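Just below is one structure, and these are the notes that go with it.
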Amino acid sequence: MPSTVLRTLLSCGSLVLVGCGGLAKKNAKHTEITSRSAPVKGFGSIGPRFQGTEFLSFDELKGLATNPKPGGSVEQKLARFFGRPIISNEAWYGGKRPSRAQNAAMGEFVRVATWNIEKSIHAHEAAAALKSPAAFEALIDPEVAPPGSKKRAELMRERERLITADVILLQEMDIGIGRSGYHDSTRDIAKALGMNYVYAPQQLEIDPVLLGLESIPDGRGGKVTHQPDPRRYKGVFGIAVLSRYPIKSARCFQLQAQPYDWYAGEKANTDLVEDSRRFAAEILFENKVVREMKVGGRIFFRVDLAVPGLPDDTLTVIHNHLEIKARPQDREAQMVEILSHIKDIPHTVVMAGDHNTSRADLSPTSTKRVLARTSTSSQTWLSVGLNVLMAAPVVANTGRIIINNVKNLHDPLAMHIPVVLPNKSRSLFTRIEDYRFADGGKFDFRGDRDRSINRSSAKLANSNEKALFGRRTTFSVKRPIGPIGRGRLDWIFVKAPPSALAEGRKSYRLSPHFGEALSSFGRALRPLLSDHVPCVVDIPVQEPAGL
């Protein structure tokens, strides 16, 4: 191997190792709740005690498995279903009243969290663990976090920060699917925490295997057929907002930008290229890729919460779960569409969720797609040009590719140099940073040493934890190889209305503070509750006088 390539590999390798580490959370002390206010008063109009929906019958779901666009009354029912959120203010009407967290640094603040619970497989265990410290401690791996250790204390601190959140956004929440025990996973967790909730359906799981219409190999040369419970099977896959404050209203609908067809794309037979990719993922990372035929897609989801003391006594939550089986520019198109629906919101906005900011397109690939995308890629033609013109093309191309991969590792905000050192994920963040509401408000991208969890001054560090190199990761495959197989997919963005910022640009009222990825959730629990870890941020109701 040429010495230049070796030096490049060694230098980039050291960066990768650095990227595995995190910065000490020196400001974690400012997230401790030292007291609570009296129950909050001054609530105005509140939404319904409960608003349900009309689920599709098991026979209707089986019909969709063979014809996803049935027309007639079933298609009309489907349209109504995707446009009607489930709303439960049972906690509020049952007498629960929120109080506000307080400490010397922040004064009173509202805490917001987001967590993807991986197809709700362990959502029932998560509900029990969040409700009971003993149930949570029973899940802790004593070899990773022994009793009395700093690691166990840190894990319990992270749990405390999550369970004291006033608003929690949850992704990949099931209703009536066998893999999650046919539970209504959102309701389970909301009940465990004593919170109100809104649920928005994204998709219906209608794969013939799940519905018992097709058999699969049993691993012993035979076939096995899944036997679902027709009475309990609802097949609903969606996202939710839990809140200690009552829900005023909610709205959801399917986005127009749907880069991946979860029915046709999953039904199509895979070729050698895709089969090889799936085989490699299973061998290297223990991540098995299976067919997931669904109807529906990604959605717009807005929830307005009654929060006295905030402008208009309202906090608006925009909950996103962008497409994973898509290119970065496809997710950017979804973000542009979402932003087009929120421009006129005059009060505080939290936009958060799983934004799937991966550089990879995880939709099924093929030889034809590889050739088509490669032939139209400017990077391909740069490599060809280097090979023709340069004396050491292998050195130049290898170094460029390695440097770019290290630059972008765990950091979708890394610089974008078209053709030479591209980062196509950055454009989505640029869209969000440059976006302006009708009142002139914008999402807060600041990073301050006194207001980030680990004293980082990097862009977005106040709302989303920075790592030593790149961003603190929030997702991991089952068996990552060092930093490979991890990524930052989950994000929180906060907009404070300009009218509330008395000191203008210097004001930090209603601005994000101490954004943190609760990383111990991804290391110390057995079983792991999800392949994502929760993310949390604190928002001061008034100017934080102690910072």
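Between rounded, prolate and oblate, where does the range 100-165 land on the alpha carbon gyration tensor, with a ≥ b ≥ c its root eigenvalues, rounded for a/c under 1.5, else prolate if a/b exceeds b/c? Oblate, since a/c reaches 1.5 and b/c is not below a/b.
The candidates TYR435, TYR93, arranged from most to least accessible area with a 1.4 Å probe in the full protein assembly, appear as TYR93, TYR435. Cross-link partners for LYS69 among the lysines, with Cα-Cα distance under 24 Å and sequence neighbours closer than 8 places in the same chain left out: LYS77, LYS234, LYS267, LYS294, LYS325. Is the range 288-327 rounded, prolate or oblate when judged by the Cα gyration tensor, a ≥ b ≥ c being the square roots of its eigenvalues, rounded requiring a/c under 1.5 and prolate requiring a/b larger than b/c? Prolate shape, in that a/c is at least 1.5 and a/b is the bigger ratio. Surface composition of the range 19-89: carbon and sulfur atoms hold 52% of the protein heavy-atom accessible area at a 1.4 Å probe. The candidates TYR245, TYR508, arranged from most to least accessible area with a 1.4 Å probe in the full protein assembly, appear as TYR508, TYR245.
Taking every protein chain into account, the accessible area of the range 111-179 amounts to 36 square angstrom per residue (probe 1.4 Å).
Legend: P(r) of the range 186-226 from all alpha carbon pair distances, 10 Å bins from 0, whole percents, reading 24, 24, 21, 23, 7. Counting only lysines at least 8 places from LYS131 when in the same chain, those with an alpha carbon closer than 25 Å to its own are LYS29, LYS96, LYS119, LYS150, LYS151, LYS191.
Note that the range 24-39 has calculated 3J(HN,Hα) couplings of 4, 7, 5, 9, 4, 4, 7, 9, 6, 8, 9, 7, 10, 6, 5, x Hz, one per residue in order, obtained from phi through the Karplus relation 6.51 cos²θ - 1.76 cosθ + 1.60 (θ = phi - 60°); glycine and proline are x.
Packing, taken as the mean count of other beta carbons within 10 Å per residue, orders the peptides 63-76, 473-486 from highest to lowest as 473-486, 63-76.
Where a ≥ b ≥ c are the square roots of the eigenvalues of the C-alpha gyration tensor, would you call the range 491-547 rounded, which needs a/c under 1.5, or, failing that, prolate if a/b is larger than b/c, or oblate? Taking the square roots of the gyration eigenvalues as a ≥ b ≥ c, the range 491-547 is prolate. In the complete set of protein chains, residue-level accessible area for PHE521 is approximately 10 Å², probe 1.4 angstrom. For the range 456-467, backbone phi angles converted through the Karplus equation (6.51, -1.76, 1.60; θ = phi - 60°) give residue-by-residue couplings of 8, 10, 6, 4, 6, 5, 5, 9, 9, 4, 8, 9 Hz, Gly and Pro being listed as x. Here the range 403-547 is assigned +1 on the Cβ of each Lys and Arg and -1 on the Cβ of each Asp and Glu. Its dipole about the Cα centre then comes out at about 500 debye. The phi-based Karplus calculation (6.51 cos²θ - 1.76 cosθ + 1.60; θ = phi - 60°) puts the 3J(HN,Hα) values of the range 320-330 at 10, 9, 6, 5, 8, 8, 6, 7, x, 5, 6 Hz, whole numbers, x for Gly and Pro.
The Cα trace of the range 121-274 gives Rg and Dmax of 19.6, 55 Å, the first to one decimal, the second as a whole number.
Per-residue packing, averaged as other Cβ atoms within 10 Å, sorts the ranges 449-455, 33-39, 52-58 into the order 449-455, 52-58, 33-39, beginning with the highest.
The values are calculated or read from the model by the stated rules, or taken from the named source; none is laboratory data. Keep in mind the model is a prediction, meaning the values are calculated, not measured. Backbone-built Cβ (ideal geometry, glycine too); neighbour counts: all protein chains shown. What goes into the accessible areas is simple: the full protein's heavy atoms, side chains included, and nothing from ligands, DNA or RNA. Shrake-Rupley method; radii C 1.70, N 1.55, O 1.52, S 1.80 Å.
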